[in-house]
Every structure is written in C-alpha cells, then in structure tokens.
Amino acid sequence: MASRKREWLIASAFILIAVLAALGTFIYARRTRLDRDALIYIPKTSPVTQETLLLERYVRIRTINPPGNEIAGARFLAAELAEAGVRSEIIEAAPGRASLYARIKGKHPGDALMLLNHIDVVPPYGKWERPPFSGSIAINMVYGRGTADMKGLAICELEAFRDVARSRRVPEHDLVFLAVADEERGGALGIQWLLDHRPDLFEGVRYAINEGGITEMAQERMTYFGVETGSKQTIDLDLVAPSRNALLALRRSLEPYMEPRHSMRVLPAVRTFLATIGSTRRENREVLHDIDNTLAIQKGWLVPLNYAELLMNTIWISGIEPAEQGFRMRVMMRNLPDEEPDARLAWLLAFAKPFGATAGEIRQKQGPAPPSTDDTPIFRLIASTAARQYHAPAGPEVLPFSTTDSRFLRARGIICYGLQPFPLDFFQSLGIHGPNERVRVDWFEQGVTLLHEIVGKWAFAGS
C-alpha cells in the first residue's frame, strides 16, 4: 500500500513538473513573441504624397561635396519657389558653389525667422541596397543620400515657406528661406561666405530653424523630441615632431586631459537640458536632474560619458604617422560652446612645446558659439507643437559630438534651434553619412505637417 502511494506521489510530481514546464514554455514563447513584435518593424502601406515625390526629385540631384556642385539643387529649389509665386536669388561663392535665398516681407521690421538648410551631401560611402541617388521607395522607406541629412528637412521647410506664400496673407514679420552650399565641408563657401559678403541676407533675422534636433524612439514611438540649442565646438589639427617617441611621450602626457572630470563646469543651456532629459531617464534621473548638486558632492564620475562631454573640454588623439619632416599626430579638441578657440589652441601648443612638437595643418577651428536660450516664444511654440503631435516630452538638446551651420549665426547673436521634424530611429540614423540613408514615408509626412503648423502659427500670430 505504501509502495502504491509512493508511486502515485512520484507520478503526480512528474505531471506537475510537466504542466509547469509547459506553462513556462508558453509564457516564455508569448513574451518572446511580444518582445520580437515590439522590436521588428512591420512595413505599413502609406500614400505617396506630393511632398514625398518632391523629396524623391531633390534626392536625385547629385549635390555631392566634395567636389561640390550645389547649383543644380539651388535651381531646383528656385523653380519650386517660383511655382508658388516667390522670387529667389541664386548666389555663387565660386563657380557651381551656389546658395539660394528668398524672403517674404512681413508687417513689422525685425524679429524675422530664417528657415535654414544646406544643399550639399556627403559622398555615398559603403554598400547600398538601393542606388544612393535614386530616391526610390521600398518597404515604406525613401532611400537616398540626403533623405535625412538634410534634404528631408529642407523639403519640410520649403513646403512651410510656400504655404505662407500661397496664403496671400502678409506675415507678422519677415520669413526667410536660405539653402546654403558647403555645410558638409565647414561652410567656407556657404554660410560663412554669405555672412562675410552678403550681410543683407541676414538683416532683421532674430531666429533660425536649422538641422540638429534629436528624436528618441522606442518601439516606433517617440519618447523625447529634442530641440538643439547648442553644441560643442571642434579644433582639428596635427601636432608634428621630429621623432615618433616625442609624440608618444606627448600623447601619454595629454591622456589626463582626454576626459578631465575634475574640471567640469555647467553652462546654463546644459543645466536646462540635463534637468529636462533627466526626467525621462530611469537609471540616471537623480544624477542628471540636479547636475550642480551631483558635482558639488563630487559624484561627477556617475554622469554617463555622452552627457559628461557637455561638462568639460576634451581631447581625442589618433595614431602617429610619418610626415614630410618627422611624424604627425592628429588631435581633435572638443571645446565647450563658449570657449575661445585661440586660447585653447595656445594652451595645447604651450603644452606640446617641451616635447619638441609644433602645430601642423589646422583643418578646423570652431567657436565660440554660445548656446541659444530656450526662453523665447518660438521655442515654446516648437516644443508645444511637437509635444502635442508626437505625444512625447519636448525640450532642449545640446550636441556633444557634432555641430551645424548654426554656430556661425549664434556667434552673431541670432537665436538658432535645430529640429529633426520627423521621427528618425536609431537604425535610420546610422544612414546619416553612412550607407542606406533613408526615411520612412509616413514619418516624413508627419515632419511636413509639424513644420507647416509651427511656421504658420509663427507667421500669423495675432492676425
């Protein structure tokens, strides 16, 4: 009798284990499927609108820089503006290196809004699934160099500008459309040349909307709409010395300055950005939300590196290579936006002098470009409109590793905001300056809608 009871208990245990195992397998499979479905993009059918076809046509124009041939893009934009009854001007800094300018006069002088974009694109590096200048649509994506950087935004701005023109109403203040050359190579033949030779284009401009914003995404849903208000500035140069060992010794001595957390300081724009973004972070909420307290209690080491970059001047150093006379070492100095570049360069050269190193080629010297304030009516308009459309928090963003033409305008007191008006997820962002650059058709159309509403409300506020 005891033996049968023991056998019954053993059998019951096996049955229970089998049931629990089956239940566990079912739960695991369901959760795995749900996680998979949440992460995998399932193509959707979206209507191809006139704006999408316009983007297709613009992408097909090869405005590659280098060598630089923006005039074909400028002519395309001029024709589209003429179709809306707007006269424009094509301005060449050098043969073929063209920018385009148009202005709608407003009722009142000053406080003009400039819609700024660049015509040139980087060369199509890498292996592409679709021809990089086809503008082809596949699986609800528009493929092509420039779709994200930045012909997509340019079309959003163009359509918003044309909407104001077609309304036949006079905006409260001037509205300017400026598409420039040479942004991808530093702006010497683009906005920098225009500021030096055609200051009349910027007369009365107080605000500018440009590229540079960040859209954070999770499971095809926007979690934060970042409006760029500033960025770190770069000095890119070679240090040269007679021997490899001299540069090796210099490199070792510079290592403490690559990430000098002991010298962190907080700019007002960075403080606002970290406090805003901190509320959307689980792990670093307290660290970022009150950054002054974090540094006061000497907890700066807890700040994630991408945010810590915004609190200090950093240095990046590449390998050592043979040069015409001796050896060279490329150095990238990433400076806080308000830093004087000449002072930073003088510090580096004084540091390098005892090692027998001097400055070689200076490729770029940016700054200072103090961040723009977010305490303006147009910033609040941008943030509130984006938050309502995308059902996500919207606030400032300061860029740690890249910059835009806005730095030239900020240095002259023009308030600039960088937007990414349509959602762009992580995988699509890899196409910027990389292969398979693309944007989603339905998301791109949302960007057209957003810019239309922002510019229209600004233009006719109080009318």
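When restricted to residues that are outside any loop (DSSP other than H, G, I, E, B) and surrounded by fewer than 18 Cβ atoms within 10 Å (Cβ to Cβ), region 291-307 contains 8. For region 403-414, check the following and say yes or no: at least one residue is under 18 Å from residue 157 (Cα atoms) and of a type in the set (D, E, K, R). Yes.
Within region 262-279, being more than 19 Å from the chain's Cα centre (by Cα) and either surrounded by 15 or more Cβ atoms within 10 Å (Cβ to Cβ) or within 30 Å of residue 447 (Cβ to Cβ) (or both) holds for 264, 266, 267, 268, 271, 275, 278, 279.
Checking each residue in region 262-281 for being assigned to a loop (DSSP other than H, G, I, E, B) and at pLDDT 95 or above picks out 264, 265, 266, 267. Could you tell me whether residue 288 is open to solvent by less than 60 Å² (accessible area, probe 1.4 Å) and under 30 Å from residue 358 (Cβ atoms)? The answer is no for residue 288.
Among the residues of region 26-61, those that are under 24 Å from residue 141 (Cβ atoms), modelled with pLDDT under 60 and assigned to a helix (DSSP H, G or I) comprise 35, 36, 37, 38, 39. Looking only at residues in region 62-72 that are part of a loop (DSSP other than H, G, I, E, B) and closer than 14 Å to residue 149 by Cα, the one that is most open to solvent (accessible area, probe 1.4 Å) is 62.
All told, residue 460 meets the bar of being open to solvent by 20 Å² or more (accessible area, probe 1.4 Å) and either farther than 13 Å from residue 209 by Cα or touching a residue at least 60 places away in the same chain (Cβ under 8 Å) (or both).
Take residue 121 and decide whether it is buried (at least 23 other Cβ atoms within 10 Å of the Cβ), closer than 20 Å to residue 454 by Cβ, at pLDDT 95 or above and not charged (D, E, K, R). It is false that residue 121 is buried (at least 23 other Cβ atoms within 10 Å of the Cβ), closer than 20 Å to residue 454 by Cβ, at pLDDT 95 or above and not charged (D, E, K, R). Can you spot a residue in region 212-235 that is over 19 Å from residue 382 (Cβ atoms), surrounded by fewer than 24 Cβ atoms within 10 Å (Cβ to Cβ) and touching a strand residue (DSSP E or B) at 6+ places or on another chain (Cβ under 8 Å)? Looking for residues that are over 19 Å from residue 382 (Cβ atoms), surrounded by fewer than 24 Cβ atoms within 10 Å (Cβ to Cβ) and touching a strand residue (DSSP E or B) at 6+ places or on another chain (Cβ under 8 Å), one finds at least one in region 212-235, hence yes. Residues that are touching a residue at least 24 places away in the same chain (Cβ under 8 Å) and open to solvent by 20 Å² or more (accessible area, probe 1.4 Å) within region 87-96 comprise 88, 93, 94, listed in sequence order. Residues in region 363-403 that are of a type in the set (S, T, N, Q) and touching an Asp or Glu at 6+ places or on another chain (Cβ under 6 Å): 364, 385.
Applying the criterion of being hydrophobic (A, V, I, L, M, F, W, C) and either part of a loop (DSSP other than H, G, I, E, B) or in contact (Cβ under 8 Å) with a residue 60 or more places away in the chain (or both) to the residues of region 128-152, the residue that is nearest to residue 440 (Cα to Cα) is 141. Against the conditions (1) assigned to a helix (DSSP H, G or I); (2) open to solvent by 20 Å² or more (accessible area, probe 1.4 Å), residue 157 satisfies every one except (2). Can you confirm whether region 350-369 contains a residue that is among the polar types (S, T, N, Q) and open to solvent by 40 Å² or more (accessible area, probe 1.4 Å)? Yes: region 350-369 contains one or more residues that are among the polar types (S, T, N, Q) and open to solvent by 40 Å² or more (accessible area, probe 1.4 Å). Looking only at region 393-404, decide whether some residue is buried (at least 23 other Cβ atoms within 10 Å of the Cβ), touching a Phe, Trp or Tyr at 6+ places or on another chain (Cβ under 8 Å) and within 30 Å of residue 238 (Cβ to Cβ). Yes, that holds for at least one residue. What are the residues in region 320-349 that are open to solvent by 90 Å² or more (accessible area, probe 1.4 Å) and either touching a Pro at 6+ places or on another chain (Cβ under 7 Å) or at pLDDT below 95 (or both), if any? Those that are open to solvent by 90 Å² or more (accessible area, probe 1.4 Å) and either touching a Pro at 6+ places or on another chain (Cβ under 7 Å) or at pLDDT below 95 (or both): 324, 325, 340. Would region 308-329 turn up any residue that is touching a helix residue (DSSP H, G or I) at 6+ places or on another chain (Cβ under 9 Å), under 30 Å from residue 409 (Cα atoms) and small (Gly, Ala, Ser)? Scanning region 308-329, I find at least one residue that is touching a helix residue (DSSP H, G or I) at 6+ places or on another chain (Cβ under 9 Å), under 30 Å from residue 409 (Cα atoms) and small (Gly, Ala, Ser), so the answer is yes. Among the conditions (1) among the hydrophobic types (A, V, I, L, M, F, W, C); (2) more than 20 Å from residue 400 (Cα to Cα); (3) free of Cβ contacts under 8 Å to residues at least 24 places away in the same chain, the only one that residue 327 does not satisfy is (3). Determine, yes or no, whether residue 443 is over 20 Å from residue 56 (Cα atoms) and modelled with pLDDT of 95 or more. The answer is no for residue 443.
The values are calculated or read from the model by the stated rules, or taken from the named source; none is laboratory data. Only a predicted model underlies this, so the values are computations on that prediction, with no experimental measurement involved. Reconstructed Cβ throughout: ideal geometry from the backbone, glycine too, with neighbour counts over all protein chains shown. Keep in mind that these areas ignore ligands, DNA and RNA; they rest on the heavy atoms of the full protein, side chains included. Shrake-Rupley method; radii C 1.70, N 1.55, O 1.52, S 1.80 Å.
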